[in-house]
Structures are given as structure tokens and as C-alpha cells.
Amino acid sequence: MVRVSRTGVAIVGGGPAGVVLGLLVARAGIAVRVIEKHDDFNRDFRGDTVHASTIRLLDELGLGAAFRALPQSRLDDFSLPRTDGSTVLLGDFSRLRPPYDHVAMVPQWDLLAMLVDAARQEPSFDIVMGSAATDLIVENGLVVGVHLHPSRGTGEPEELRADVVIACDGRGSVLRAAAGLHPTAFPVPFDTWWFRLPKRPGDADSALVPAFDDTDVVLSFPRPDYHQVAYFAPKGSDARLRAEGLAAFRDRIARIRPDFADRVDTIASMDDVHVLDVRMDRLSRWWRPGLLCIGDAAHAMSPAGGVGINLAVQDAVATAAVLGPALVGGVRGRALDHALAAVQRRRKPPAMVVQAAQRFLHRVVFERAFAGNLQDGPPRVPVFLAEHVPPVRGLYARGIAFGPLPEHAPAWARRA
């Protein structure tokens, strides 16, 4: 027996883009349902950087106090190491206007729970956990809904019909594939191995400085109670690293980060090290009648710069700003095509700019590191400008904190 239900906007994927979009659409008074295949948000090693553009958005939505009450740490600058052991300051967030003068590190599950709590205050909002979208419902070439099945295999399937379907289901998007939309992939030279290490009194927690040793790269993100650490290695190295064993991996991390040598033994097994197969791709067309892809479903990002969450959130804001008035005004069916195309026209250029910047970082930092060619230090031109033209440090900081074309909350979604 298949249950049939209906909503105005069906959002598949309960990550930051999907939940923010659900909140904004609900504040327009439009019936919206968010579908999340997991039973909860408690998954480690998801992107947890919340940039100034997103913090400003939360303030506009009246959620600033709730956000600042979440456990978090902050990054106040971005530096690169020199070969002599010193560092060069590239991005100086103190040059930005408070309170948007930093990047916050917040567990994603806390951020999502806060957003869902706010969205549930809107009578037109609904979220269903533990339900997976398996296919699109298409009639006469128009997407009119999604087929849903319980993620755990118990319960009845459902047909959820909607005026428009938004795919926020990530870089492996089921709906994108079902719609026949195929991204163009860009080469990425590395994968990332994530793990945690305990935090000690006196550990720095306000700067982001990568560490290089021979062909190895490590980046650590300070949290209130621990360090979230990323080890970068050439793509396809997972089997080799695991075959070398736990002791070799601990020694590798201790060599690159001697300040972590007193705690690498807390990595109990290689099961504590989680590999991320890094991908970068982008759709040439983000929509088809009745369906729109945003976030990683439209443009999978590299972790370089940690901007994936914030770019996806900006997509969600632009989507709400365009679709909200159209749906309230009674625009339906194929007449929505112009609105879907308008979202792509607005958000595709920022995605292209960010991906171009990430590909530049791949070439000048990671590819050089893996080839053992970092003996001359960090890239000369950006460093020269940062050292000799101080306002450039503010420009770099603004690029990291806000990105290209940051969005503001629509007037109808704002709260005091």
C-alpha cells in the first residue's frame, strides 16, 4: 500500500541548505516538508565551519542569540607556515567589522538542531527523519513529487506530491541522477583522513595554520574540547596508509605536528580515522521542470577553504528569495521554470568563482606539497601582497569570511 501526501515544496536532504531553505519557505507561509534519510543529525566529520556570511544571515533571521549560545570556537585569522618555522599572516579577520570578524567552528548537528527548532515554530513547516527519496514522480515531463521509503526498511512507502522539488541531497544526489542531470567533474589531487585528538590547556584555538613536512599536509580545527584534524594525502592512498598500520600513522602525525606527539596514542585504531573521497564537480544545468538542485547536489566543493556549507546556505537563501514570492503569487507547474532558471543564474557564478579558487589552491599548495616542492615556501605573489600591502590581508579575510555574492535574508523572513 502506497500512502499519498502533498506539500507545496518538497526538500530532499536535511543538511544546512535543506533546513535553511525549509525555514525560509515556511516563513513565507508556504507548506514545506524536509525529508532526511538519517534518523538524527549526529554524524562526525561533517563540515562545521560557519562563516561570517552565515552568521550575519542568522542575525537577520533573529537567531543570532541562539546561535551564539551553541558550543563553538572561533578562527580569527588564516596563516601559512614558512620554511624557517615562522608564519605569514594572509587573512586578518580583525580588519572586518564586528561581529562578523571571524569564522565560527560549530558542530553541525547543533547548528541543524537549532535551525529545525526555529523552523518548527512555523505552522507550515514539517520535517520527516529516517525517510529516503528513491525516485522522482514525473508526469508529462514535469516533476510533481518524489517516491519515499523508510530508510530502515520498515513502514509503508509514500508518494509525496509537491509544486516544486528541491534536491539538497549532496554530492551523491539520488534526485539529480533520477532527473538525468550529470555533473562535470574536475580533478582533485588529494583525499582527506579525519580524526580527533584531545585538547590540552594552552592549545591555540584562534588561528588556522596548515602544517607541512616533506610530502605530508595536516590541518587542525580547534573545537572547545578537542582538535578535529585533517590529514591530506594523494588521492587513492587509503589502502596504502591503512596497510602501513596504526603505529606508522601515529608517527606520521607526530612528525608533522610535534605538539600532538603527546596525544596521538588516543587514536585507538585505524577505524578512528575516516577517509573522505574528495570530489569537485558542477552541473551545467541545475534544474528541469519542477526540480531544482542546490548545494553539493549542484556543485560539490573541495574542503579547501571550508566554504561548502556557506555556499550551500547562500544557495538556499537565493532559492527562497526567488521561489517564495512566485509560489505565494500562485505560479505553478511550467511557469516556475523561469524562477528555477533565475536561481541558477544567480548562484552559478559564485560557485564557479569558489571552485576556481579551490583549484588554484590545489595547484599551488597541495600538488606542490605532494611533489615535495614546498621548500621555497608558500606562494610568493599572495604572500608578497599580504606582507607589503596590509589592506590585502583584509581583502583575503573578506573573501574567506563572506565569499562572492553573499545573500541577505528576504524581508519577509526576518525577525527582530
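Listing for the model above:
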{"item": "3 or more residues open to solvent by 50 Å² or more (accessible area, probe 1.4 Å) and charged (D, E, K, R): qualifying helices (runs of 4 or more DSSP H) within region 297-403", "result": "337-361"}
{"item": "Positions within region 4-40 being under 26 Å from His51 (Cβ atoms), open to solvent by 30 Å² or more (accessible area, probe 1.4 Å) and of a type in the set (Asp, Glu), in sequence order", "result": "Asp40"}
{"item": "Sole residue being closer than 18 Å to Val278 by Cα, assigned to a strand (DSSP E or B) and not small (Gly, Ala, Ser), chosen from Phe195, Phe212", "result": "Phe195"}
{"item": "Failed item, numbered, when Arg200 is tested on (1) open to solvent by 60 Å² or more (accessible area, probe 1.4 Å); (2) assigned to a loop (DSSP other than H, G, I, E, B); (3) under 24 Å from Val34 (Cβ atoms); (4) not hydroxyl-bearing (Ser, Thr, Tyr)", "result": "(3)"}
{"item": "Residue match in region 102-110 (condition: small (Gly, Ala, Ser) and touching a Gly at 6+ places or on another chain (Cβ under 6 Å))", "result": "no"}
{"item": "Residues of region 71-106 that turn out to be out of contact with any helix residue (DSSP H, G or I) (no Cβ under 6 Å at 6 or more places or on another chain), modelled with pLDDT under 85 and open to solvent by less than 50 Å² (accessible area, probe 1.4 Å), as a count", "result": "6"}
{"item": "Looking only at region 274-289, and only at residues there that are in a loop (DSSP other than H, G, I, E, B) and at pLDDT below 95, the one that is farthest from Ala185 (Cα to Cα)", "result": "Asp277"}
{"item": "Check on Val217, touching a residue at least 60 places away in the same chain (Cβ under 8 Å), more than 30 Å from Val88 (Cβ to Cβ), outside any helix (DSSP H, G or I) and touching a strand residue (DSSP E or B) at 6+ places or on another chain (Cβ under 7 Å)", "result": "no"}
{"item": "Filtered residues of region 271-282 (kept if farther than 30 Å from Val343 by Cβ and either open to solvent by less than 20 Å² (accessible area, probe 1.4 Å) or touching a residue at least 60 places away in the same chain (Cβ under 8 Å) (or both))", "result": "Asp272, Val273, His274, Val275"}
{"item": "Selection status of Ala113, aliphatic (A, V, I, L, M), in contact with a His (Cβ under 6 Å, 6 or more places away or on another chain) and surrounded by fewer than 20 Cβ atoms within 10 Å (Cβ to Cβ)", "result": "no"}
{"item": "Considering residues of region 122-160 that are of a type in the set (A, V, I, L, M, F, W, C) and open to solvent by 50 Å² or more (accessible area, probe 1.4 Å) only, the residue nearest to Asp337 (Cα to Cα)", "result": "Val138"}
{"item": "Number of positions in region 404-416 that are among the hydrophobic types (A, V, I, L, M, F, W, C) and either part of a loop (DSSP other than H, G, I, E, B) or open to solvent by less than 30 Å² (accessible area, probe 1.4 Å) (or both)", "result": "4"}
{"item": "Pair list, Cβ < 6 Å and 6+ apart or interchain, from region 300-324 residues that are of a type in the set (Ser, Thr, Tyr) to residues that are assigned to a helix (DSSP H, G or I)", "result": "Ser302/Gln358; Thr319/Leu21; Thr319/Val343"}
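Every residue, every condition in (1) open to solvent by less than 10 Å² (accessible area, probe 1.4 Å); (2) without any contact (Cβ under 8 Å) to a residue 24 or more places away in the chain; (3) among the aliphatic types (A, V, I, L, M), yes or no:
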position: Val229; (1), (2), (3): yes, no, yes
position: Ala247; (1), (2), (3): no, yes, yes
position: Arg250; (1), (2), (3): no, yes, no
position: Ile253; (1), (2), (3): yes, no, yes
position: Ala261; (1), (2), (3): no, yes, yes
position: Ser269; (1), (2), (3): no, yes, no
position: Ser284; (1), (2), (3): no, no, no
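The values are calculated or read from the model by the stated rules, or taken from the named source; none is laboratory data. Since the model is a prediction, treat every value here as computed from it, not as a measurement. Glycine gets a Cβ as well: all are built from the backbone with ideal geometry, and neighbour counts include every protein chain shown. Please note that ligands, DNA and RNA were not included when accessible areas were found on the heavy atoms of the full protein model with its side chains. Shrake-Rupley method; radii C 1.70, N 1.55, O 1.52, S 1.80 Å.
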